[in-house]
Amino acid sequence: MTNSNIIELVNISKSFDGDLVLGSVNLSIRDGEFITLLGPSGCGKTTMLRIIGGFLFPDTGRVMFDGKDITRLPPYQRQLNTVFQKYALFPFLNVYENVAFGLRIKKMPEEKIRARVSEMLELVNLPGFEKRGVTALSGGQQQRVAIARALAADPDVLLLDEPLGALDLKLRKAMQIELKRIQQQADITFVYVTHDQEEALTMSDTVVVMNKGNIQQIGTPESVYNEPINAFVADFIGESNQLEGIMREDYLVEFNGRRYRCVDRGFAKNEPIEVVIRPEDLTICPPEQGNISGIVQTCVFMGQNYAIEVLQDDYLWTVHSIYHAAPGSPIHLYLEPDAIHIMKEFDNDDAYPDDPEEELLAGAEEEEL
Amino acid sequence: MRGARKAAYPYAVYAFTFFTAPLLLILFYSLTRRGPGGVAFTLDHFARFFDFSNPQYMKVLWNSFRIAFYATALCLLLGFPAAYVLANLRPRWRNFFSMLFILPMWMNFLLRTYAWMALLETNGIVNTLLQKIGLPALQLMYTERAVVLGMVYNFLPFMILPIYNMLIKLDNSLLEAADDLGAAPWQTFVRVTLPLTRPAIFSGINMVFMPSVTTFVISRLLGGTSTPLIGDLIEKQFKLVDDKGFGSAMAVIIMVFILAFVALNGRNEGEEMVF
């Protein structure tokens, strides 16, 4: 990764039939980084990727590539390739011809094509698959062929549109690691679109969190997870307890009727704020050390830990712990001052759809665009 | 599943009665002769057709294929661009225009062909117009060209429809993928659109070629005696000469040729690559 920018989006906006999908977005993508556009369905991430790819032209703004304005260039004249959501492999060509497609357009001599194709299939772990028909391959294999095909033309940037969406959980996990390896090995820039926050955190150098056509936060996975800039980011990335609170004074916050020391300052006295606390930042402790106490409501084994729900007054805390807690019993929790994340009030209504069906519908709409 | 299979029985009976049985009957007629001693096996009908000292029947067969080939080629040349333009229209216009293409088919086939006669006659509409603007009248009717025109006019929708249906179902992401991989629009067309529509092209070719080879109405009405086709010949054997044996033999021969053509075409359809 270098510090020079390979792609710059300047004031990009786009609407479809009067609906603003992207509102004046600015983004710099550094050469060689793995950058992820993360957000709920309909947030504009796919539109942004398609604008970079050249499949859509923005209403306003410019797309700069390596210092040149490519805003109006059609896809086939751009030095970047795309891995499509549903792979888009050519069903009438075998694996070899699919991967060779771009090279044939470039009129590369046959022996060079042969070498390049086998190099690419090696890279995606499909050596010897040249003669196979693509329709007979499994989803994961088709995905790999799609990646090999996109990389064969040696692009400077690879765009990936939710490429793992159609794979099952286990395969998806394996492909996440694989993709990261391929990106490092090929040493090119990956621009990755997903709604899966875990995927984003696993692979990215930079995460761009988007909502409603705007960028909410740009940062490393650690920084967007640990220091979410607003309640939307906190809510979307990882699980969290969210409460309304009041900043009584610098370093002193009140929520759920109690006052806690914290590490934030610079708010107005008695300013209403939002508090975000990660479930894993609440530790079970002996009664005398606790600063939150309540009654265990449920305790569910999640594999790596237990998800425990604790009722304190009216608020139901979510706690992640490696220890089991019996429902109905009292429990004491310790919360460190620097685990209390305080952010300005933020309109979080319908920030993203919780209803999976609604999400599906929104996703289908986005594909149409 | 078993219930579904039973539901097919009525069709099986129907198909046997009206397709299989007549076919067997034709085969029987083509291989037999009714003589004084009753019915006897013979290959005479076929020998008469393939008589190289007098190849008049083979010439008609050859003409039928040649003219059907012209008609099919013209239908493809006209039909593919039409289907392509149609498929790329906005959905509302697309439905409107595709209906216009099908509209003539709502009219009776004979009526449509008679309409062409009215247009092409010596004192028909086309010639009247030509003379009005001071050009000489043309011999349009009763020519091979008129027959080809009639075939193209009548069978063009059979070429357009399968191609159009394939084109509107075309996966847009495949075209985008080609674009993305560096293919200019014409390269995308040649390397992706054409291979994807190939099965539809071949089924269009079948749908136009087969009725063109066997038609006798079009050649009779528009071609007169200038272009006898194999269909005319067969019809004549049954209705004029009353030689069921020879008529059946010709029907069998044309069937074998068409089967060979379809099989050849089908093999193309199944192949993996073209270009």
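The values are calculated or read from the model by the stated rules, or taken from the named source; none is laboratory data. Not measured: the values here are computed from a predicted model. Cβ: placed from backbone, ideal geometry, glycine included. Neighbour counts: every protein chain shown.
Values for this structure:
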| quantity | calculated |
| --- | --- |
| So A:Glu162, is it of a type outside the set (A, V, I, L, M, F, W, C) and at pLDDT below 95 | yes |
| Subset of the stretch A:68-85 (residues that are β-branched (Val, Ile, Thr) and at the interface with another protein chain (Cβ under 8 Å from one of its Cβ atoms)) | A:Thr82 |
| Residue match in the stretch A:75-82 (condition: among the aromatic types (Phe, Trp, Tyr) and surrounded by 20 or more Cβ atoms within 10 Å (Cβ to Cβ)) | no |
| Only one of A:Gly245, A:Gly238, A:Gly266, A:Gly257 that is within 20 Å of A:Leu164 (Cβ to Cβ) and not assigned by TED's automatic domain parsing to the domain that holds A:Asn26 | A:Gly238 |
| Complete set of residues in the stretch A:232-245 that are among the aliphatic types (A, V, I, L, M) and farther than 22 Å from A:Val310 by Cα | A:Val233 |
| Residues being within 11 Å of chain B (Cβ to nearest Cβ) and in contact with a Pro (Cβ under 7 Å, 6 or more places away or on another chain) - total across the stretch A:86-134 | 2 |
| Evaluation of B:Asp242 against (1) charged (D, E, K, R); (2) within 30 Å of B:Arg34 (Cα to Cα); (3) modelled with pLDDT of 90 or more (one fails), failing number | (3) |
| Test result for A:Arg50, within 14 Å of chain B (Cβ to nearest Cβ), under 19 Å from the mean Cα position of the chain (by Cα) and of a type in the set (D, E, K, R) | yes |
| Of all residues in the stretch A:189-240 being among the acidic types (Asp, Glu) and within 12 Å of the chain's Cα centre (by Cα), the one that is modelled with the lowest pLDDT | A:Glu198 |
| Test: A:His320 is farther than 26 Å from A:Val224 by Cβ and outside any loop (DSSP other than H, G, I, E, B) | no |
| Residue ranges of helices (runs of 4 or more DSSP H) in the stretch B:2-70 with at least 1 members of a type in the set (Lys, Arg) and surrounded by 13 or more Cβ atoms within 10 Å (Cβ to Cβ) | B:44-49 |
| Unmet criterion (only one of (1) buried (at least 22 other Cβ atoms within 10 Å of the Cβ); (2) away from chain B (no Cβ under 12 Å); (3) not hydroxyl-bearing (Ser, Thr, Tyr)) for A:Met64 | (1) |
| Test for A:Asp156: is it surrounded by fewer than 17 Cβ atoms within 10 Å (Cβ to Cβ), outside the structural domain of A:Leu311 (by TED's automatic domain parsing) and of a type outside the set (A, V, I, L, M) | yes |
| Test result for B:Val126, more than 14 Å from every other protein chain (Cβ to nearest Cβ), in a helix (DSSP H, G or I), of a type outside the set (Phe, Trp, Tyr) and surrounded by 20 or more Cβ atoms within 10 Å (Cβ to Cβ) | no |
| Number of the condition not met by B:Arg33 [criteria: (1) under 21 Å from B:Gly204 (Cα atoms); (2) touching a helix residue (DSSP H, G or I) at 6+ places or on another chain (Cβ under 8 Å); (3) of a type in the set (Lys, Arg)] | (1) |
| The stretch A:165-192, residues that are assigned to a strand (DSSP E or B) and either over 29 Å from A:Ser13 (Cα atoms) or of a type in the set (A, V, I, L, M) (or both) | A:Val191 |
| All positions within the stretch B:168-191 that are surrounded by 23 or more Cβ atoms within 10 Å (Cβ to Cβ) and either part of a helix (DSSP H, G or I) or on the phi > 0 side of the Ramachandran plot (or both) | B:Ala177, B:Ala178, B:Asp179, B:Asp180 |
| A:Gly32 vs. criteria crowded, with 19+ Cβ neighbours inside 10 Å and in contact with a Ser or Thr (Cβ under 7 Å, 6 or more places away or on another chain) | yes |
